[in-house]
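Take a look at the structure below.
The values are calculated or read from the model by the stated rules, or taken from the named source; none is laboratory data. This structure is a prediction, so every number in the text was calculated from the model and none was measured. Positions of Cβ are generated from backbone atoms using ideal geometry, with glycine treated the same way; all protein chains shown enter the neighbour counts.
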Amino acid sequence: MNALLVKNLRKEYEKFTLEDVSFGLNQGEIMGFIGRNGAGKTTTLKCLLNYVHPNQGEIQFFGKTFRDHEQEIKQRIGFVSGGVDYYTKKKIRTITEVTRRFYTNWNEDAYRGYMQRLDLDENKTPSALSAGMKVKYSLALALSHHAELLILDEPTSGLDPISRDDLLDVFLGLASEGVTILFSTHITSDLEKCADTITHIMKGRIVASEPLESYVARYRLLHLTDEQLTETLKPALMGLNRAKHGYTALVRADESDRLGLMAEPANLETIMIHLERE
């Protein structure tokens, strides 16, 4: 059974439509949810939790709809969207005391462990925390009630590289214990370290949802001079982009072999950049 299943999700706005979004997330899997600003990532996540109401589509958590099993599902998931920005003058200790009352499976030992690991001081207030530390505290709360599924909207944004790497280690440890993670981010290098699968959204539509390795292996990166950029070659290229010395472009791996061109493996960021220029 999927931990999360989304079928034909649609949300219409005046100038933007989230259209036929479908993907599934298996237990213990880390899925990276990628796309440029305005592509529909946050809208999708808000639809999952009914923060905005989709026009159509089916959403299931653990085989159950959020509409019919909201309270049960909320006990089994954790959601983080940015850092804590409420009760800014209250001490963290006080906010935690209120939060723990909402969760029947709150684990105080886990909470203390994450607070120590993430170097958080309960005597501080949210207003005294940096943006990165606010995100860390939000994560500590989300991780402390035995959530089976974590939905994270840009969780590593604003964190320094060491703190980000520490969080990725936490995510990998949780996944090894069977926790499922849907992880929206622009920092594609983080996903390359921890994600099992990738779902890529462009202009409100899912263009790929598959294992990370197969998605990246589908493409090669070409470095081209003006002389190499012939009219015959152009139809095979994706996202032609100016570079310091000539051009770069994506090409499908099988096309690269057929054309006899020297190409290098493409990483996730390179793929995103070039496909967005199509």
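Points to keep in mind about this one:
- Residue that is nearest to SER214 (Cα to Cα) [pool: residues in the range 231-278 that are surrounded by 11 or more Cβ atoms within 10 Å (Cβ to Cβ) and β-branched (Val, Ile, Thr)]: ILE271
- Identity of the residue in the range 126-147, exposed (fewer than 15 other Cβ atoms within 10 Å of the Cβ) and at pLDDT 85 or above, that ends up farthest from LYS89 (Cα to Cα): ALA128
- Residue within the range 78-87 that is farther than 30 Å from LYS193 by Cβ and without any contact (Cβ under 8 Å) to a residue 40 or more places away in the chain present: yes
- Among all positions in the range 102-112, there is no residue which is in contact with a strand residue (DSSP E or B) (Cβ under 8 Å, 6 or more places away or on another chain), of a type in the set (S, T, N, Q) and surrounded by 13 or more Cβ atoms within 10 Å (Cβ to Cβ).
- Where strands (runs of 3 or more DSSP E) sit wholly within the range 168-278, those with at least 3 residues that are over 29 Å from LEU139 (Cβ atoms) and not β-branched (Val, Ile, Thr) occupy 219-224, 238-243, 246-252.
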